[in-house]
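What follows is calculated from the coordinates using simple rules that are stated; it is not laboratory data. Everything quoted here is computed from the prediction, not taken from an experiment. Neighbour counts run over all protein chains shown; Cβ positions are idealised from the backbone, glycine included.
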Amino acid sequence: MKIRHGCVVLMHYTLTNDAGEVIDTSVGYEPLEYVHGNGDIIPGLEAFLEGEDVGFTGKVAIAPEDAYGEYNHGLLLLAQRENFPEDMELEIGMQVQTELPDGVALFRVTEMNDNGIKLDANHPLAGQTLHFDVEVLDVQDSALMGESGS
């Protein structure tokens, strides 16, 4: 069965950056399972896999606009320490959330100094070209998955 909208895909992947450093992998762990066409994976990877079949292996470089978007400097915020609970231990890299008029926003703490705490709402992989090495293990019709109880 070819990968198309609504199919359940089981695959292994290794994600690297431009320097070849491994960012994430499923190899040696449980494979990734997703429903094709539901936006469960980044658009560029979904487009790359469209029409492929079980046993497909391939490598692809995905530009930021087809992954997590370009880095947006408008999503940086400088907050003062008094804006956080007194007992909250802040660390570089930790995620914090705040309530905004449009809903909850997640930020990563990227810097702390006397001027305040620098927060970044960009996805950690925003602005990066992502390199995927994939192997499709299984493709099934999602309606059949429901019937089998999987």
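Just grab the label-to-label distance for ASN113 and ASN72, each label 7 Å out from Cα along the Cβ direction, in nm (one decimal).
Label-label distance for ASN113 and ASN72, simple model: 2.6 nm.
Go through PHE107, ILE92, LEU76 and say which Cα lies farthest out towards the positive end of the charge dipole of the range 73-120; charges sit on Cβ, +1 for Lys and Arg, -1 for Asp and Glu.
In the range 73-120, that residue is LEU76.
Just need the relative contact order of the chain here, percent rounded to a whole number, with Cα pairs under 8 Å and 6+ apart.
Worked out over the chain, it gives 36 percent.
Assigning unit charges at the beta carbon (Lys, Arg +1; Asp, Glu -1) and nothing else, what dipole magnitude in debye, to the nearest 20, does the range 8-81 show about its Cα centre?
In debye, rounded to 20, the range 8-81 gives about 320.
Can you sort LEU106, LEU49 by how many other beta carbons sit within 10 Å, fewest first?
LEU106, LEU49
Where Rh is the Kirkwood radius over the Cα pairs of the chain, the temperature 4 °C and the viscosity 1.567 mPa s, what D in µm²/s does Stokes-Einstein return?
D, rounded to a whole number, is 73 µm²/s.
Any idea what diffusion coefficient the range 26-109 gets from Stokes-Einstein, in µm²/s, Kirkwood Rh on alpha carbon pairs, 4 °C, 1.567 mPa s?
Stokes-Einstein gives a translational diffusion coefficient of 77 µm²/s.
Can you tell me the dipole magnitude for the chain around its Cα centre, using point charges on the Cβ only (Lys, Arg +1; Asp, Glu -1), in Debye to the nearest 20?
Computed charge dipole of the chain: roughly 260 debye.
What are the radius of gyration and Dmax of the range 73-120, computed over its Cα atoms and given in Å?
Cα-based Rg and Dmax for the range 73-120 come out at 10.5, 30 Å.
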